[in-house]
1. Is region 142-160 home to any residue that is polar (S, T, N, Q), assigned to a loop (DSSP other than H, G, I, E, B) and touching a Ser or Thr at 6+ places or on another chain (Cβ under 9 Å)?
2. Given the options A376, A389, name the one that is surrounded by 14 or more Cβ atoms within 10 Å (Cβ to Cβ) and in a helix (DSSP H, G or I).
3. More than 13 Å from the chain's Cα centre (by Cα), on the phi < 0 side of the Ramachandran plot and touching a residue at least 24 places away in the same chain (Cβ under 8 Å): does that describe G85?
4. Which number in (1) farther than 20 Å from A133 by Cα; (2) within 21 Å of the chain's Cα centre (by Cα) marks the one condition that D62 misses?
5. If we only count helices (runs of 4 or more DSSP H) wholly inside region 235-347, which ones have 1 or more residues that are at pLDDT 85 or above?
6. Across region 42-96, what is the number of residues that are of a type in the set (D, E), within 19 Å of I118 (Cα to Cα) and outside any loop (DSSP other than H, G, I, E, B)?
7. Considering every residue within region 361-370, establish whether at least one is under 24 Å from the mean Cα position of the chain (by Cα), at pLDDT below 75 and loosely packed, with under 14 Cβ neighbours inside 10 Å.
8. I'd like to verify a number: residues in region 24-41 that are in contact with an Asp or Glu (Cβ under 7 Å, 6 or more places away or on another chain) and not charged (D, E, K, R), how many?
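The values are calculated or read from the model by the stated rules, or taken from the named source; none is laboratory data. All figures in this text were calculated on a predicted structure; none of them were measured in a lab. Neighbour counts run over all protein chains shown; Cβ positions are idealised from the backbone, glycine included.
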Amino acid sequence: MNKVDFSALEQKREENNLEFKESFDASSLQEWCEIIKDIVALANSGGGLIVFGVNDDGESVDCDIDSILAIDNAAIIDKINTYTGIQFDRFQMYEYTRDGERVAILSIQTSDYPMVFICEGGYRDHRGKDKRAFSKGTVYFRHGAKSEPGTTRDIENFVSRKISEIKAYWFDGIKQVVEAPVGYKVQVLPPEVYESTSPNAISIKITNDPDAQVYRKGSNSSIKLVNDDKAPSFHAVNTDELYPHKFSAVVGILNKALGEEIINRYDILSLIYAHNLKKHPNLYFRSKFATTSQFSDAFIAWVVEEYKKDRMFFERARKKYRDRKRSTKYRTFRNNVYFCTYIDLRPKDSVMKKYNIPEDKVQFRIICKATSIDEASAKVLQLTGFDGAFRNTPALKATDNEILLCKSKDIIIEITDENYIDIIETM
C-alpha cells in the first residue's frame, strides 16, 4: 500500500475523496451494497477515504469501531468481486484518532481501469421495499460528496489521469537515459528480463530467433546484456506464457492439484505477503499497470510440494499475513471479537437425544471468540469441517449473553432455544 494521506480528515464536510459513515453493519445487505458503491466510485475517481464513526456534518458519533476493524480484507475483496468481477485489493483499514475520538478509516487507492458493476446491487429496506444501490452495467464515480453513475466527462478524466501516470513513469526512464554517461548505449529489455551488474552474471544477447534458448525471468543465474556476437543468444517469451494462471483462476487450479477444496482467495493473498513472492519472479508476476496478479506453473508445483511437506503451510501463511496487518501503522492490536453466524451441522446421536433436538434440524447458531473473521473460520473448520463459516456467510452480532457464555470457550453452539453448549460436545 502507498503511504496514506490523512490530511483530508481535517475536513468537516464530505468531498470528492472523502466519505463519512456513521456506522456499518456487516450483516446488512443494504449497507454492503452502499459501501461497495462508494469503494468503487472512489477507486474509479483516483482513490480516497471512507471514515466510519462520523456523521454528514463531520461530527464524531457513537459507533462500534472494533466490529468494523474486525472485518477481514478478504470479505471486502469477495464483495467487490461479486458485483464487479474484479479482485480489487488496493485498500486497507486503519484505526485513527480524530478530534479525540476513535474512528475506522478505509483507505482506497485508484483502480487501473474503471470498474463496472456486472450485477445489480439490490436489497430490501427496513420496510420490506425493494431498493437498488446501483444497476448492472453502470460505472460509478464521485461527484462532490456523492457516488453517482459516470458521465462522458468522468471517463475522459479517468483516461487523462492514467495517461499522466504513464507519462510520469516514462519520463522517469527518459531522465535516467539522459543522465547516463557519454558513450553509453540504450538497450530496451522485455519485462521478462532483468539485468545484473554482477561480474559473475552470464553475458547474453537478446534475439527474436524462436530457436534460441529461452531466458525465463527468475532463473538462478543473473545475466548482463552485451553487444558481442560470440555471446549465447536468448529468446524472451511473453508474460502470459511465463505466468499463465491469473488470480481469479489460480484457486480452482490449486484445489484441483491438491485434490481437495481447502484454500480460497485469501490464502493466495496470504502466500504472496507471507513468502514475499514479489521477490520470486519464477513464481509470481504483477505488472505496474495490471489489474491482477499472474502465477507460473512453478508456483502451482511449489504450493503443492510445500503443502505435502507441511499440512499447516496455509495456516502459517494466514497467521503471518494477519500479524503483518495488525502491526500496520495507525492500526492497533485488537482483543478478541465475538463472531456469530449459522452453519449446517449434525451433532452426534447422544447429543441429539440428550437435548431433544428435532431430527430435521440441521442449522445451528454458533458464536466464536477470535481476533479476526479468518481466525474464526479456521477454528470452525478445524472442529467441524465446515469451511468459510464467517467468510462465506453474513456475520451476525452476538448478544451480550452469548458473549458472556463464550468468554471461557472458543466456540459455543445454540443447541436449542437459549440453550448453549461447547461445540466440542457435539463432535
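1. If we filter region 142-160 for residues that are polar (S, T, N, Q), which is where we start, we get 147, 151-152, 157, 160.
Then drop every residue that is not assigned to a loop (DSSP other than H, G, I, E, B), which leaves 151.
Retained after the next criterion (residues that are touching a Ser or Thr at 6+ places or on another chain (Cβ under 9 Å)): none.
Checked region 142-160: no residue is polar (S, T, N, Q), assigned to a loop (DSSP other than H, G, I, E, B) and touching a Ser or Thr at 6+ places or on another chain (Cβ under 9 Å).
2. Values: A389 fails: in a helix (DSSP H, G or I).
Selected residue: A376, the only one of A376, A389 that is surrounded by 14 or more Cβ atoms within 10 Å (Cβ to Cβ) and in a helix (DSSP H, G or I).
3. Numbers: more than 13 Å from the chain's Cα centre (by Cα): yes; on the phi < 0 side of the Ramachandran plot: no; touching a residue at least 24 places away in the same chain (Cβ under 8 Å): yes.
Taking the combined requirement at face value, the residue does not satisfy it.
4. (2)
5. Values: elements: 239-242, 247-258, 265-274, 297-309, 313-326.
Passing ranges, in order: 247-258, 265-274, 297-309, 313-326.
6. To start, the set of residues in region 42-96 that are of a type in the set (D, E) comprises 56-57, 59, 62, 64, 66, 72, 78, 89, 95.
The next check asks that each one be within 19 Å of I118 (Cα to Cα); those that pass are 78, 89.
Imposing the further condition that a residue be outside any loop (DSSP other than H, G, I, E, B) reduces the set to 78.
The number of residues fulfilling the criteria is 1.
7. Step one: list which residues in region 361-370 are under 24 Å from the mean Cα position of the chain (by Cα), which gives 368-370.
In the following step, the residues that additionally are at pLDDT below 75 were identified as none.
Within region 361-370, none of the residues are under 24 Å from the mean Cα position of the chain (by Cα), at pLDDT below 75 and loosely packed, with under 14 Cβ neighbours inside 10 Å.
8. Applying the first criterion (in contact with an Asp or Glu (Cβ under 7 Å, 6 or more places away or on another chain)) to region 24-41 yields 24-25, 30-31, 38.
Next, only the ones that are not charged (D, E, K, R) stay: 24, 30.
Final tally of qualifying residues: 2.
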